[in-house]
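As structure tokens, the structure follows; a few thoughts come after it.
The values are calculated or read from the model by the stated rules, or taken from the named source; none is laboratory data. Source: prediction; values computed, not measured. Please note: Cβ atoms are built from the backbone with ideal geometry, for glycine as well, and neighbour counts cover all protein chains shown. With ligands, DNA and RNA removed, areas are computed over all heavy atoms of the protein, side chains included. Shrake-Rupley method; radii C 1.70, N 1.55, O 1.52, S 1.80 Å.
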Amino acid sequence: MRQKIVAGNWKMNNTLNEGLKLTTEIVNMVADEVRGDVKVILAPPFVLMPQVKNLIKNVDKIYLSAQNCNENVSGAFTGEVSASMISSIGATHVIIGHSERREYFKETNAQLAKKVDLALANNLTPIFCCGESLEIRESGNYETFICNQIKESLFHLSADEFSKVVIAYEPIWAIGTGKTASSQQAQEVHAALRKYVAGQYGDDIAESLSILYGGSCKPDNAKELFACPDVDGGLIGGASLKSRDFTDIVKSF
Ligand code: PEP
């Protein structure tokens, strides 16, 4: 059985009070309403992470993630946060390669490979994001493009290391646009990714890899997306900022 996961990426949203209110609401709703086999992950901004951790520390279904980490171990990188710092406050996951980081901060596949290595070396599960722009989607070469992102940032890992990674497929044209990939489009890419991973690491590792969908996932489309055989959950942006919407998405399995 693959792990079912719903992760909320708050991006650069929520002050301390807003973040604590949202977390408290999610904790209460998840405790009452969510079945035990779904892993719920919250990815607040760095400054809120210790206090969010404090609120979820006794809730076994909810985990803490960072939204990014630096590709260096430590040192003179003003404003940056290392994987070891993230791990030291009790986080378990880190989002790596989100399309906004690729686009606005020009993060490359090679740089992301280093981030993945440091995440794993610090016992963090990388939630590795991949996905194509609208231009690449329309060119028809999107599967090759996405597989190349995976190859260049992940295929240097040993099988043991790779088995600790979670992948999030996030078509850029669907992120924050209200335009969701259809369940057929999501399933097609997820199945292609799984096949590609099987070619490198074998069927067992590919079968146990959790592949999340991200891109305008909402309570009203999550059920159909999560019902696809190769969709193992979601990476949620906008809808993760509302406790009711986020919890309803978690309940969509
Ligand atoms: C994201 O940025 O990871 C995302 C999926 O955003 P949204 O749900 O808002 O499209």
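Can you tell me how many residues in segment 182-203 are surrounded by fewer than 15 Cβ atoms within 10 Å (Cβ to Cβ) and either of a type outside the set (Gly, Ala, Ser) or closer than 17 Å to GLY140 by Cα (or both)?
Of the residues in segment 182-203, 4 are surrounded by fewer than 15 Cβ atoms within 10 Å (Cβ to Cβ) and either of a type outside the set (Gly, Ala, Ser) or closer than 17 Å to GLY140 by Cα (or both).
Identify, please: which residue in segment 85-98 is assigned to a loop (DSSP other than H, G, I, E, B) and away from the ligand (no atom under 12 Å from the Cβ) and is, among those, least open to solvent (accessible area, probe 1.4 Å)?
ALA91
Looking only at residues in segment 6-36 that are open to solvent by 60 Å² or more (accessible area, probe 1.4 Å) and among the aliphatic types (A, V, I, L, M), which one is farthest from ARG101 (Cα to Cα)?
The residue in question is ALA31.
Within segment 100-112, can one find any residue that is in contact (Cβ under 8 Å) with a residue 12 or more places away in the chain and either closer than 23 Å to LYS251 by Cβ or aliphatic (A, V, I, L, M) (or both)?
yes
Quick test of your reading of the structure: LYS61 fulfils all but one of (1) open to solvent by 10 Å² or more (accessible area, probe 1.4 Å); (2) touching a strand residue (DSSP E or B) at 6+ places or on another chain (Cβ under 8 Å); (3) at pLDDT 95 or above. Name the failing condition by number.
(3)
Taking segment 110-131, which residues are part of a loop (DSSP other than H, G, I, E, B) and farther than 20 Å from GLN200 by Cβ?
ASN122, ASN123, LEU124 - these are the residues of segment 110-131 that are part of a loop (DSSP other than H, G, I, E, B) and farther than 20 Å from GLN200 by Cβ.
When you check VAL52 against the structure, is it within 19 Å of ALA168 (Cα to Cα), among the aliphatic types (A, V, I, L, M) and assigned to a helix (DSSP H, G or I), yes or no?
It is false that VAL52 is within 19 Å of ALA168 (Cα to Cα), among the aliphatic types (A, V, I, L, M) and assigned to a helix (DSSP H, G or I).
Mind checking which residues of segment 135-178 are of a type in the set (A, V, I, L, M), within 14 Å of the ligand (Cβ to nearest atom) and open to solvent by 40 Å² or more (accessible area, probe 1.4 Å)?
Of everything in segment 135-178, just one residue is of a type in the set (A, V, I, L, M), within 14 Å of the ligand (Cβ to nearest atom) and open to solvent by 40 Å² or more (accessible area, probe 1.4 Å), namely ILE172.
Which numbered condition in (1) in contact with a helix residue (DSSP H, G or I) (Cβ under 6 Å, 6 or more places away or on another chain); (2) buried (at least 18 other Cβ atoms within 10 Å of the Cβ) is the only one that ARG101 fails?
That leaves (1) as the condition not met.
For GLY79, are the conditions met, namely being without any contact (Cβ under 8 Å) to a residue 24 or more places away in the chain and over 27 Å from ILE172 (Cα atoms)?
No.
Tell me the helices (runs of 4 or more DSSP H) entirely within segment 179-252 that contain at least 2 residues that are within 16 Å of the ligand (Cβ to nearest atom).
Result: 183-201, 219-226, 243-250.
For segment 212-252, name all the residues that are among the aromatic types (Phe, Trp, Tyr) and open to solvent by 10 Å² or more (accessible area, probe 1.4 Å).
Within segment 212-252, PHE226 is the sole residue that qualifies.
Anything in segment 172-223 that is on the phi > 0 side of the Ramachandran plot and under 19 Å from the mean Cα position of the chain (by Cα)? List them, or say none.
GLY176, GLY178, GLY215, SER216, listed by residue number.
Restricting attention to segment 104-121, and to residues there that are away from the ligand (no atom under 16 Å from the Cβ) and either open to solvent by less than 40 Å² (accessible area, probe 1.4 Å) or under 16 Å from the mean Cα position of the chain (by Cα) (or both), which single residue is nearest to GLY215 (Cα to Cα)?
Of everything passing the filter in segment 104-121, ASN109 is nearest to GLY215 (Cα to Cα).
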